[in-house]
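Asker: Please see the structure below; I have some questions.
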Amino acid sequence: MEPKMTCTIINNTILKPSSFSSTQFILNSLVPFTIFDEIALDVHVAMLHAFKPPMPSNEILKNALAKVLIHFPHLAGRLTMDEGGHQCILLNNAGIRLIETYVPTTLVDQMKSFESSSNDVSHLHPPTEGIDEILQVQLNRYTCGGVVIGSTGHHRVADGYSWNYFYISWSRLVRGLEIDPLPYHNRCAIMIPRKEPRVEFDHRSNEFQLSTTTPGSQHVFYPIEKLFTHFPTDFINKVKAKVTEENFTTPNQRYSTFECLLTHVWKKVIQARGMNLNQFSQITVGVNGRGRIKPPVPMEYFGNLVLDAFPKLKAREVITENYGYVAKTIHDAISNIDSNYFQSFADFKELCKRNGEKLKKSMPAVGNILCPNIEADNWLRFNFHDLDFGGGPCAFFYPNVPVEGVLIFLPSNKEGGGIDVFTALMSEHLRETEEQNKMIQGTTILAMNGGDGPYSYAKNSTYQ
(Lines give C-alpha, C1' and ligand atoms only; values in the text may rest on other atoms or scores of the structure.)
Protein backbone atom coordinates (compact mmCIF):
# COMPACT_ATOMS: atom_id res chain seq x y z
CA MET A 1 0.00 0.00 0.00
CA GLU A 2 1.27 3.45 -0.92
CA PRO A 3 1.84 5.90 1.97
CA LYS A 4 -0.83 8.48 2.66
CA MET A 5 -0.29 12.04 1.51
CA THR A 6 -0.13 14.06 4.71
CA CYS A 7 -2.64 16.78 5.47
CA THR A 8 -2.76 19.34 8.27
CA ILE A 9 -6.03 19.97 10.08
CA ILE A 10 -6.66 23.70 10.30
CA ASN A 11 -10.16 23.68 11.76
CA ASN A 12 -12.57 21.11 13.20
CA THR A 13 -15.90 22.50 14.33
CA ILE A 14 -19.69 22.29 14.16
CA LEU A 15 -21.38 24.36 11.45
CA LYS A 16 -25.04 25.25 11.94
CA PRO A 17 -27.54 26.55 9.38
CA SER A 18 -27.79 30.33 9.05
CA SER A 19 -31.32 30.04 10.39
CA PHE A 20 -33.94 27.35 10.96
CA SER A 21 -36.54 26.77 8.27
CA SER A 22 -39.83 27.39 10.06
CA THR A 23 -42.08 27.27 6.97
CA GLN A 24 -42.13 23.48 6.67
CA PHE A 25 -40.70 22.18 9.93
CA ILE A 26 -40.95 22.71 13.67
CA LEU A 27 -37.76 22.90 15.69
CA ASN A 28 -37.10 19.73 17.73
CA SER A 29 -39.82 17.82 15.87
CA LEU A 30 -39.32 14.20 14.82
CA VAL A 31 -39.32 13.11 11.19
CA PRO A 32 -40.13 9.39 10.90
CA PHE A 33 -38.34 7.29 8.32
CA THR A 34 -40.34 6.11 5.33
CA ILE A 35 -40.48 2.45 4.37
CA PHE A 36 -37.77 3.18 1.80
CA ASP A 37 -35.52 4.86 4.38
CA GLU A 38 -35.89 1.86 6.68
CA ILE A 39 -34.50 -0.61 4.14
CA ALA A 40 -31.49 1.56 3.30
CA LEU A 41 -28.19 0.57 4.88
CA ASP A 42 -27.66 1.88 8.40
CA VAL A 43 -24.22 3.29 7.54
CA HIS A 44 -22.39 6.52 6.85
CA VAL A 45 -21.18 6.62 3.24
CA ALA A 46 -17.95 8.45 2.34
CA MET A 47 -17.58 10.46 -0.89
CA LEU A 48 -14.81 12.54 -2.47
CA HIS A 49 -15.39 15.33 -5.01
CA ALA A 50 -12.33 16.95 -6.60
CA PHE A 51 -12.40 20.47 -8.08
CA LYS A 52 -9.62 22.08 -10.07
CA PRO A 53 -8.52 25.67 -9.35
CA PRO A 54 -9.60 28.36 -9.17
CA MET A 55 -11.91 27.58 -6.28
CA PRO A 56 -13.66 30.04 -3.95
CA SER A 57 -12.20 30.58 -0.49
CA ASN A 58 -13.20 28.34 2.38
CA GLU A 59 -15.16 31.23 3.91
CA ILE A 60 -17.34 31.51 0.80
CA LEU A 61 -17.86 27.74 0.74
CA LYS A 62 -18.77 27.66 4.44
CA ASN A 63 -21.18 30.62 4.22
CA ALA A 64 -23.02 28.98 1.32
CA LEU A 65 -23.05 25.66 3.17
CA ALA A 66 -24.69 27.31 6.20
CA LYS A 67 -27.30 28.81 3.88
CA VAL A 68 -28.08 25.62 1.95
CA LEU A 69 -28.60 23.72 5.21
CA ILE A 70 -31.66 25.93 5.79
CA HIS A 71 -33.34 24.04 2.96
CA PHE A 72 -32.04 20.64 4.12
CA PRO A 73 -32.74 20.75 7.89
CA HIS A 74 -32.57 16.94 8.17
CA LEU A 75 -28.81 17.11 7.63
CA ALA A 76 -28.33 19.42 10.62
CA GLY A 77 -30.35 17.13 12.87
CA ARG A 78 -29.54 13.91 14.67
CA LEU A 79 -30.75 10.33 14.47
CA THR A 80 -32.79 9.18 17.45
CA MET A 81 -35.59 6.81 18.47
CA ASP A 82 -39.24 7.71 18.95
CA GLU A 83 -41.40 6.37 21.77
CA GLY A 84 -42.18 3.26 19.73
CA GLY A 85 -38.53 2.41 19.28
CA HIS A 86 -38.44 3.44 15.63
CA GLN A 87 -35.42 5.26 14.22
CA CYS A 88 -36.17 8.80 13.06
CA ILE A 89 -34.61 12.24 12.56
CA LEU A 90 -34.66 14.86 15.31
CA LEU A 91 -34.73 18.34 13.74
CA ASN A 92 -32.77 19.99 16.54
CA ASN A 93 -30.54 22.18 14.35
CA ALA A 94 -27.45 20.67 16.04
CA GLY A 95 -25.37 21.25 12.91
CA ILE A 96 -22.89 19.32 10.80
CA ARG A 97 -19.24 18.49 11.36
CA LEU A 98 -16.92 20.76 9.34
CA ILE A 99 -13.21 20.06 8.96
CA GLU A 100 -10.66 22.17 7.06
CA THR A 101 -7.25 20.83 6.04
CA TYR A 102 -4.23 21.89 4.04
CA VAL A 103 -2.55 19.33 1.77
CA PRO A 104 1.06 20.17 0.76
CA THR A 105 0.81 18.89 -2.80
CA THR A 106 -1.03 19.69 -6.01
CA LEU A 107 -4.44 18.42 -6.96
CA VAL A 108 -2.94 16.84 -10.07
CA ASP A 109 -0.67 14.67 -7.93
CA GLN A 110 -3.58 13.84 -5.62
CA MET A 111 -5.75 12.74 -8.54
CA LYS A 112 -2.96 10.47 -9.76
CA SER A 113 -3.03 8.78 -6.36
CA PHE A 114 -6.78 8.21 -6.74
CA GLU A 115 -6.01 6.05 -9.75
CA SER A 116 -3.87 3.67 -7.70
CA SER A 117 -5.90 0.76 -6.36
CA SER A 118 -3.68 0.44 -3.28
CA ASN A 119 -3.81 4.08 -2.20
CA ASP A 120 -5.56 4.92 1.09
CA VAL A 121 -7.66 8.10 0.83
CA SER A 122 -9.47 7.83 4.17
CA HIS A 123 -7.61 10.88 5.51
CA LEU A 124 -9.45 13.04 2.97
CA HIS A 125 -12.88 12.46 4.45
CA PRO A 126 -14.23 12.40 8.03
CA PRO A 127 -14.60 9.08 9.86
CA THR A 128 -17.59 6.87 9.07
CA GLU A 129 -17.98 5.20 12.47
CA GLY A 130 -18.62 6.43 16.00
CA ILE A 131 -20.13 9.76 14.95
CA ASP A 132 -23.32 11.66 15.78
CA GLU A 133 -23.55 14.04 12.83
CA ILE A 134 -25.75 13.03 9.87
CA LEU A 135 -23.52 15.03 7.51
CA GLN A 136 -19.81 15.75 7.77
CA VAL A 137 -17.84 17.88 5.31
CA GLN A 138 -14.05 18.11 5.01
CA LEU A 139 -12.52 20.86 2.84
CA ASN A 140 -9.05 19.72 1.68
CA ARG A 141 -7.23 22.62 0.02
CA TYR A 142 -4.08 22.05 -2.08
CA THR A 143 -1.06 24.19 -2.89
CA CYS A 144 -2.43 24.88 -6.39
CA GLY A 145 -5.74 26.18 -5.02
CA GLY A 146 -7.69 23.05 -5.93
CA VAL A 147 -10.06 21.48 -3.42
CA VAL A 148 -11.19 17.96 -2.62
CA ILE A 149 -14.45 17.94 -0.70
CA GLY A 150 -14.58 14.80 1.41
CA SER A 151 -17.88 14.05 3.06
CA THR A 152 -19.88 11.40 4.85
CA GLY A 153 -23.65 11.12 4.87
CA HIS A 154 -26.02 8.68 6.52
CA HIS A 155 -27.66 6.44 3.93
CA ARG A 156 -31.00 6.16 5.75
CA VAL A 157 -31.51 9.91 5.53
CA ALA A 158 -31.09 10.10 1.75
CA ASP A 159 -30.18 8.08 -1.32
CA GLY A 160 -27.55 8.92 -3.93
CA TYR A 161 -29.96 11.00 -6.02
CA SER A 162 -30.78 13.16 -3.02
CA TRP A 163 -27.17 13.62 -1.97
CA ASN A 164 -26.28 14.67 -5.50
CA TYR A 165 -29.06 17.25 -5.45
CA PHE A 166 -27.82 18.62 -2.12
CA TYR A 167 -24.28 19.17 -3.42
CA ILE A 168 -25.58 20.82 -6.60
CA SER A 169 -27.79 23.12 -4.49
CA TRP A 170 -24.77 24.09 -2.36
CA SER A 171 -22.70 24.86 -5.46
CA ARG A 172 -25.48 27.03 -6.91
CA LEU A 173 -25.52 29.22 -3.81
CA VAL A 174 -21.74 29.60 -4.03
CA ARG A 175 -22.18 30.88 -7.61
CA GLY A 176 -24.85 33.36 -6.52
CA LEU A 177 -27.76 31.38 -8.01
CA GLU A 178 -31.03 30.32 -6.45
CA ILE A 179 -31.94 26.72 -5.66
CA ASP A 180 -34.50 25.92 -8.31
CA PRO A 181 -36.53 23.91 -7.65
CA LEU A 182 -36.29 23.68 -3.87
CA PRO A 183 -36.02 20.19 -2.35
CA TYR A 184 -39.30 18.32 -1.87
CA HIS A 185 -39.67 17.13 1.72
CA ASN A 186 -43.21 15.73 1.95
CA ARG A 187 -42.22 12.21 3.01
CA CYS A 188 -45.71 11.41 4.26
CA ALA A 189 -47.07 11.66 0.72
CA ILE A 190 -44.66 9.12 -0.73
CA MET A 191 -46.16 5.74 -1.59
CA ILE A 192 -49.07 5.53 0.86
CA PRO A 193 -50.28 1.96 1.50
CA ARG A 194 -53.73 1.12 0.17
CA LYS A 195 -56.61 0.87 2.64
CA GLU A 196 -56.76 -2.81 1.83
CA PRO A 197 -53.09 -3.80 1.34
CA ARG A 198 -52.48 -6.08 -1.62
CA VAL A 199 -49.10 -7.80 -1.90
CA GLU A 200 -48.48 -8.88 -5.48
CA PHE A 201 -44.77 -9.80 -5.34
CA ASP A 202 -42.50 -11.88 -3.12
CA HIS A 203 -40.92 -9.00 -1.20
CA ARG A 204 -39.96 -11.24 1.70
CA SER A 205 -37.55 -13.09 -0.58
CA ASN A 206 -36.58 -10.15 -2.80
CA GLU A 207 -35.89 -7.28 -0.40
CA PHE A 208 -35.32 -9.28 2.77
CA GLN A 209 -33.20 -12.26 1.82
CA LEU A 210 -31.90 -14.18 4.79
CA SER A 211 -28.32 -13.44 5.74
CA THR A 212 -25.76 -16.21 5.36
CA THR A 213 -23.71 -14.75 8.21
CA THR A 214 -23.84 -16.72 11.45
CA PRO A 215 -25.03 -14.54 14.39
CA GLY A 216 -22.12 -13.53 16.58
CA SER A 217 -19.54 -14.40 13.94
CA GLN A 218 -16.78 -11.93 13.07
CA HIS A 219 -16.60 -10.39 9.63
CA VAL A 220 -13.59 -11.36 7.56
CA PHE A 221 -11.88 -8.51 5.74
CA TYR A 222 -10.52 -9.58 2.36
CA PRO A 223 -7.88 -7.63 0.41
CA ILE A 224 -9.78 -5.65 -2.21
CA GLU A 225 -8.54 -3.70 -5.21
CA LYS A 226 -10.49 -0.56 -6.13
CA LEU A 227 -10.16 0.30 -9.79
CA PHE A 228 -11.35 2.84 -12.35
CA THR A 229 -11.88 1.95 -15.99
CA HIS A 230 -12.65 4.48 -18.73
CA PHE A 231 -14.89 3.48 -21.64
CA PRO A 232 -14.66 5.94 -24.57
CA THR A 233 -17.83 6.84 -26.44
CA ASP A 234 -16.84 4.93 -29.57
CA PHE A 235 -16.33 1.72 -27.61
CA ILE A 236 -19.70 2.16 -25.85
CA ASN A 237 -21.38 2.61 -29.23
CA LYS A 238 -19.84 -0.67 -30.41
CA VAL A 239 -21.21 -2.48 -27.36
CA LYS A 240 -24.66 -0.97 -27.93
CA ALA A 241 -24.58 -1.95 -31.60
CA LYS A 242 -23.59 -5.49 -30.62
CA VAL A 243 -26.56 -5.73 -28.22
CA THR A 244 -28.91 -4.53 -30.96
CA GLU A 245 -27.51 -6.95 -33.56
CA GLU A 246 -27.85 -9.92 -31.22
CA ASN A 247 -31.30 -9.05 -29.88
CA PHE A 248 -33.15 -11.78 -31.75
CA THR A 249 -36.17 -12.30 -29.46
CA THR A 250 -37.36 -8.67 -29.19
CA PRO A 251 -35.77 -6.82 -32.14
CA ASN A 252 -37.71 -3.59 -31.52
CA GLN A 253 -36.69 -3.37 -27.87
CA ARG A 254 -34.29 -0.54 -27.05
CA TYR A 255 -31.78 -0.89 -24.23
CA SER A 256 -30.19 1.86 -22.18
CA THR A 257 -26.49 2.63 -22.27
CA PHE A 258 -26.24 1.38 -18.69
CA GLU A 259 -27.88 -1.96 -19.54
CA CYS A 260 -25.59 -2.49 -22.54
CA LEU A 261 -22.35 -1.62 -20.75
CA LEU A 262 -23.37 -3.63 -17.66
CA THR A 263 -23.82 -6.63 -19.97
CA HIS A 264 -20.20 -6.28 -21.08
CA VAL A 265 -18.85 -5.72 -17.56
CA TRP A 266 -20.81 -8.65 -16.12
CA LYS A 267 -19.20 -10.99 -18.64
CA LYS A 268 -15.71 -9.78 -17.76
CA VAL A 269 -16.21 -9.93 -13.99
CA ILE A 270 -17.35 -13.55 -14.29
CA GLN A 271 -14.22 -14.34 -16.31
CA ALA A 272 -11.95 -12.57 -13.83
CA ARG A 273 -13.43 -14.47 -10.90
CA GLY A 274 -12.93 -17.85 -12.57
CA MET A 275 -16.35 -18.99 -11.40
CA ASN A 276 -17.84 -22.45 -11.72
CA LEU A 277 -19.92 -22.27 -14.89
CA ASN A 278 -22.93 -23.85 -13.18
CA GLN A 279 -22.90 -21.28 -10.37
CA PHE A 280 -25.51 -18.50 -10.40
CA SER A 281 -24.50 -14.84 -10.42
CA GLN A 282 -27.02 -12.17 -9.44
CA ILE A 283 -26.77 -8.42 -9.92
CA THR A 284 -28.38 -6.00 -7.50
CA VAL A 285 -29.44 -2.90 -9.45
CA GLY A 286 -30.97 0.05 -7.61
CA VAL A 287 -34.06 1.42 -9.40
CA ASN A 288 -35.07 5.04 -8.76
CA GLY A 289 -38.80 5.23 -8.04
CA ARG A 290 -39.17 8.98 -8.60
CA GLY A 291 -40.04 8.69 -12.28
CA ARG A 292 -41.70 5.26 -12.06
CA ILE A 293 -44.29 5.78 -9.34
CA LYS A 294 -47.72 7.02 -10.46
CA PRO A 295 -48.27 9.85 -9.99
CA PRO A 296 -44.55 10.68 -10.38
CA VAL A 297 -42.57 11.94 -7.41
CA PRO A 298 -40.50 15.11 -8.01
CA MET A 299 -36.88 14.34 -8.84
CA GLU A 300 -35.85 16.80 -6.11
CA TYR A 301 -37.52 14.63 -3.44
CA PHE A 302 -35.05 14.37 -0.54
CA GLY A 303 -34.95 10.93 1.04
CA ASN A 304 -34.70 7.33 -0.10
CA LEU A 305 -36.88 6.10 -2.95
CA VAL A 306 -35.03 3.15 -4.43
CA LEU A 307 -35.87 -0.55 -4.73
CA ASP A 308 -33.64 -3.24 -6.20
CA ALA A 309 -33.91 -5.35 -9.33
CA PHE A 310 -32.15 -8.74 -9.37
CA PRO A 311 -31.17 -10.01 -12.83
CA LYS A 312 -29.79 -13.53 -12.39
CA LEU A 313 -28.06 -16.04 -14.68
CA LYS A 314 -25.68 -18.96 -14.45
CA ALA A 315 -22.04 -18.07 -15.07
CA ARG A 316 -22.15 -20.24 -18.19
CA GLU A 317 -25.03 -18.17 -19.60
CA VAL A 318 -23.35 -14.85 -18.83
CA ILE A 319 -20.17 -15.89 -20.63
CA THR A 320 -21.44 -17.97 -23.55
CA GLU A 321 -24.78 -16.36 -24.42
CA ASN A 322 -24.73 -13.37 -26.75
CA TYR A 323 -24.95 -9.76 -25.67
CA GLY A 324 -28.61 -9.45 -26.65
CA TYR A 325 -29.60 -12.34 -24.37
CA VAL A 326 -27.76 -11.00 -21.32
CA ALA A 327 -28.93 -7.42 -21.91
CA LYS A 328 -32.55 -8.60 -22.12
CA THR A 329 -32.19 -10.37 -18.77
CA ILE A 330 -30.95 -7.15 -17.18
CA HIS A 331 -33.58 -4.98 -18.90
CA ASP A 332 -36.52 -7.21 -18.00
CA ALA A 333 -35.52 -7.34 -14.32
CA ILE A 334 -35.25 -3.53 -14.13
CA SER A 335 -38.52 -2.99 -16.05
CA ASN A 336 -40.39 -5.16 -13.57
CA ILE A 337 -39.68 -2.65 -10.79
CA ASP A 338 -42.56 -0.39 -11.84
CA SER A 339 -45.24 1.59 -10.02
CA ASN A 340 -47.19 -1.59 -9.21
CA TYR A 341 -44.09 -3.12 -7.64
CA PHE A 342 -43.45 -0.03 -5.48
CA GLN A 343 -47.10 0.01 -4.36
CA SER A 344 -47.00 -3.69 -3.56
CA PHE A 345 -43.90 -3.13 -1.44
CA ALA A 346 -45.63 -0.31 0.46
CA ASP A 347 -48.56 -2.64 1.16
CA PHE A 348 -46.21 -5.42 2.24
CA LYS A 349 -44.52 -3.18 4.79
CA GLU A 350 -47.92 -2.02 6.06
CA LEU A 351 -48.98 -5.62 6.68
CA CYS A 352 -45.72 -6.28 8.50
CA LYS A 353 -46.37 -3.22 10.66
CA ARG A 354 -49.89 -4.40 11.52
CA ASN A 355 -48.56 -7.83 12.44
CA GLY A 356 -45.80 -6.36 14.60
CA GLU A 357 -43.16 -7.88 12.32
CA LYS A 358 -39.85 -6.07 11.91
CA LEU A 359 -37.79 -7.07 8.89
CA LYS A 360 -34.23 -5.92 8.35
CA LYS A 361 -32.68 -5.80 4.93
CA SER A 362 -29.70 -8.13 4.77
CA MET A 363 -26.55 -6.82 3.11
CA PRO A 364 -22.88 -7.79 3.38
CA ALA A 365 -20.87 -5.84 5.92
CA VAL A 366 -18.08 -3.59 4.71
CA GLY A 367 -15.07 -5.80 4.13
CA ASN A 368 -17.15 -8.77 3.02
CA ILE A 369 -17.45 -10.00 -0.56
CA LEU A 370 -20.43 -10.19 -2.87
CA CYS A 371 -18.89 -12.88 -5.10
CA PRO A 372 -20.49 -14.63 -6.98
CA ASN A 373 -22.90 -11.70 -7.03
CA ILE A 374 -22.53 -8.05 -8.04
CA GLU A 375 -23.99 -4.70 -7.04
CA ALA A 376 -24.25 -2.27 -9.97
CA ASP A 377 -25.04 1.39 -9.25
CA ASN A 378 -26.16 3.56 -12.15
CA TRP A 379 -25.06 7.14 -11.52
CA LEU A 380 -25.04 8.11 -15.19
CA ARG A 381 -28.01 10.43 -14.69
CA PHE A 382 -26.42 12.31 -11.80
CA ASN A 383 -25.86 15.87 -12.99
CA PHE A 384 -22.17 16.08 -12.18
CA HIS A 385 -21.75 18.77 -14.85
CA ASP A 386 -24.01 21.00 -12.70
CA LEU A 387 -21.83 20.43 -9.63
CA ASP A 388 -19.76 23.57 -10.12
CA PHE A 389 -18.55 25.93 -7.36
CA GLY A 390 -17.34 28.52 -9.86
CA GLY A 391 -14.11 26.99 -11.15
CA GLY A 392 -15.65 24.35 -13.38
CA PRO A 393 -17.58 21.09 -12.94
CA CYS A 394 -16.47 18.33 -10.60
CA ALA A 395 -13.17 17.03 -12.01
CA PHE A 396 -13.22 13.67 -10.27
CA PHE A 397 -15.65 11.74 -8.09
CA TYR A 398 -14.31 8.97 -5.88
CA PRO A 399 -16.76 6.61 -4.15
CA ASN A 400 -14.81 5.01 -1.30
CA VAL A 401 -16.70 1.67 -1.14
CA PRO A 402 -14.49 -1.18 0.14
CA VAL A 403 -16.90 -3.99 -0.78
CA GLU A 404 -15.91 -6.60 -3.36
CA GLY A 405 -18.26 -6.86 -6.31
CA VAL A 406 -19.48 -3.24 -6.31
CA LEU A 407 -19.64 -1.52 -9.71
CA ILE A 408 -20.44 2.20 -10.03
CA PHE A 409 -21.12 3.69 -13.48
CA LEU A 410 -20.22 7.39 -13.70
CA PRO A 411 -20.32 9.96 -16.52
CA SER A 412 -16.70 10.66 -17.46
CA ASN A 413 -15.22 14.15 -17.36
CA LYS A 414 -12.57 13.19 -19.89
CA GLU A 415 -12.45 14.97 -23.23
CA GLY A 416 -14.85 13.22 -25.56
CA GLY A 417 -17.09 12.01 -22.74
CA GLY A 418 -17.63 8.31 -22.20
CA ILE A 419 -18.21 6.43 -18.97
CA ASP A 420 -15.97 5.63 -16.01
CA VAL A 421 -16.66 2.44 -14.08
CA PHE A 422 -15.50 2.04 -10.50
CA THR A 423 -14.88 -1.63 -9.75
CA ALA A 424 -13.95 -3.37 -6.50
CA LEU A 425 -12.49 -6.88 -6.84
CA MET A 426 -10.62 -9.27 -4.61
CA SER A 427 -6.87 -8.93 -5.07
CA GLU A 428 -6.49 -12.56 -6.08
CA HIS A 429 -8.97 -12.11 -8.93
CA LEU A 430 -7.12 -9.06 -10.13
CA ARG A 431 -3.82 -10.99 -10.11
CA GLU A 432 -5.36 -13.90 -12.00
CA THR A 433 -6.66 -11.50 -14.61
CA GLU A 434 -3.26 -9.86 -15.00
CA GLU A 435 -1.51 -13.22 -15.34
CA GLN A 436 -3.95 -14.67 -17.86
CA ASN A 437 -4.22 -11.72 -20.20
CA LYS A 438 -1.87 -9.60 -22.25
CA MET A 439 -0.60 -6.47 -20.56
CA ILE A 440 -0.21 -3.35 -22.71
CA GLN A 441 1.11 -0.21 -21.03
CA GLY A 442 -0.43 -1.20 -17.71
CA THR A 443 -3.76 -2.15 -19.25
CA THR A 444 -5.20 -5.67 -19.14
CA ILE A 445 -6.96 -6.51 -22.39
CA LEU A 446 -9.92 -8.87 -22.48
CA ALA A 447 -11.61 -9.31 -25.85
CA MET A 448 -15.34 -8.92 -26.16
CA ASN A 449 -17.16 -12.22 -26.51
CA GLY A 450 -17.21 -12.59 -30.28
CA GLY A 451 -15.87 -9.06 -30.80
CA ASP A 452 -12.74 -6.97 -30.57
CA GLY A 453 -13.40 -4.50 -27.75
CA PRO A 454 -11.27 -4.35 -24.60
CA TYR A 455 -12.19 -4.30 -20.96
CA SER A 456 -9.61 -3.61 -18.28
CA TYR A 457 -9.16 -4.33 -14.62
CA ALA A 458 -5.80 -2.59 -14.52
CA LYS A 459 -5.00 0.54 -12.57
CA ASN A 460 -5.78 3.79 -14.39
CA SER A 461 -7.20 1.94 -17.39
CA THR A 462 -8.23 3.64 -20.62
CA TYR A 463 -9.28 2.19 -23.92
CA GLN A 464 -7.57 3.76 -26.87
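Asker: If I go through segment 399-444 residue by residue, how many of them are of a type in the set (Val, Ile, Thr), modelled with pLDDT of 80 or more and out of contact with any helix residue (DSSP H, G or I) (no Cβ under 9 Å at 6 or more places or on another chain)? Spell out the reasoning first.
Answerer: Initial filter on segment 399-444 (of a type in the set (Val, Ile, Thr)): 401, 403, 406, 408, 419, 421, 423, 433, 440, 443-444.
Now narrow it down to the ones that are modelled with pLDDT of 80 or more: 403, 406, 408, 419, 421, 423.
So of that shortlist, the ones also out of contact with any helix residue (DSSP H, G or I) (no Cβ under 9 Å at 6 or more places or on another chain) come out as 403, 406, 408.
Final tally of qualifying residues: 3.
Asker: Right, next: Which count do you get for residues in segment 21-31 that are open to solvent by less than 80 Å² (accessible area, probe 1.4 Å) and at pLDDT 80 or above?
Answerer: Going through segment 21-31, the residues open to solvent by less than 80 Å² (accessible area, probe 1.4 Å) turn out to be 21, 25, 29, 31.
Retained after the next criterion (residues that are at pLDDT 80 or above): 25, 29, 31.
Total meeting the criteria: 3.
Asker: Something else about it: Could you say whether any residue in segment 119-134 is part of a strand (DSSP E or B) and of a type in the set (A, V, I, L, M)? So that I can check it myself, show each step before the final result.
Answerer: Just the residues of segment 119-134 that are part of a strand (DSSP E or B), to begin with: 133.
Remaining after also requiring of a type in the set (A, V, I, L, M): none.
No: zero hits.
Asker: Here is a further query. Looking at this structure, is Leu79 assigned to a strand (DSSP E or B) and open to solvent by 40 Å² or more (accessible area, probe 1.4 Å)?
Answerer: Values: assigned to a strand (DSSP E or B): yes; open to solvent by 40 Å² or more (accessible area, probe 1.4 Å): yes.
So Leu79 passes the test.
Asker: Could you list all residues from segment 277-316 that are in a helix (DSSP H, G or I) and crowded, with 17+ Cβ neighbours inside 10 Å?
Answerer: Here is the first cut: in segment 277-316, the ones in a helix (DSSP H, G or I) are 315-316.
The one that is in a helix (DSSP H, G or I) and crowded, with 17+ Cβ neighbours inside 10 Å: Ala315.
Asker: Still on this model: Hey, any hits in segment 60-70 for a residue that's in the same structural domain as Asp159 (by the TED database), more than 30 Å from Lys414 (Cα to Cα) and either open to solvent by less than 30 Å² (accessible area, probe 1.4 Å) or assigned to a strand (DSSP E or B) (or both)?
Answerer: Here is the first cut: in segment 60-70, the ones in the same structural domain as Asp159 (by the TED database) are 60-70.
Subsequent filtering for residues that are more than 30 Å from Lys414 (Cα to Cα) retains 63, 66-67, 69-70.
Now drop any that are not either open to solvent by less than 30 Å² (accessible area, probe 1.4 Å) or assigned to a strand (DSSP E or B) (or both), which leaves 66, 69.
Scanning segment 60-70, I find at least one residue that is in the same structural domain as Asp159 (by the TED database), more than 30 Å from Lys414 (Cα to Cα) and either open to solvent by less than 30 Å² (accessible area, probe 1.4 Å) or assigned to a strand (DSSP E or B) (or both), so the answer is yes.
Asker: I need a count of the residues in segment 38-59 that are outside any strand (DSSP E or B), open to solvent by less than 40 Å² (accessible area, probe 1.4 Å) and touching a helix residue (DSSP H, G or I) at 6+ places or on another chain (Cβ under 7 Å).
Answerer: Applying the first criterion (outside any strand (DSSP E or B)) to segment 38-59 yields 38-43, 52-59.
Okay, now just the ones that are also open to solvent by less than 40 Å² (accessible area, probe 1.4 Å), so 39-40, 55-56, 58.
Restricting the remaining residues to those that are touching a helix residue (DSSP H, G or I) at 6+ places or on another chain (Cβ under 7 Å) gives 56.
Going through segment 38-59 one residue at a time, the tally reaches 1.
Asker: Next up: Please list, ordered by first then second residue, the pairs with beta carbon atoms under 7 Å, 6 or more apart or interchain, first in segment 221-241 and within 27 Å of Arg254 (Cα to Cα), second open to solvent by 30 Å² or more (accessible area, probe 1.4 Å) and at pLDDT below 95.
Answerer: So the pair list comes out as His230/Lys414; His230/Thr462; Pro232/Gly416; Thr233/Gly416.
Asker: Look at segment 237-276 and say how many of its residues are within 28 Å of the chain's Cα centre (by Cα) and in a loop (DSSP other than H, G, I, E, B).
Answerer: The total comes to 6.
The values are calculated or read from the model by the stated rules, or taken from the named source; none is laboratory data. From a predicted model like this one, the values you see are computed outputs, not experimental measurements. Positions of Cβ are backbone-derived with ideal geometry, glycine not excepted, and every protein chain shown enters the neighbour counts. Surface accessibility is based on the protein's heavy atoms, side chains included, excluding ligands, DNA and RNA. Shrake-Rupley method; radii C 1.70, N 1.55, O 1.52, S 1.80 Å.
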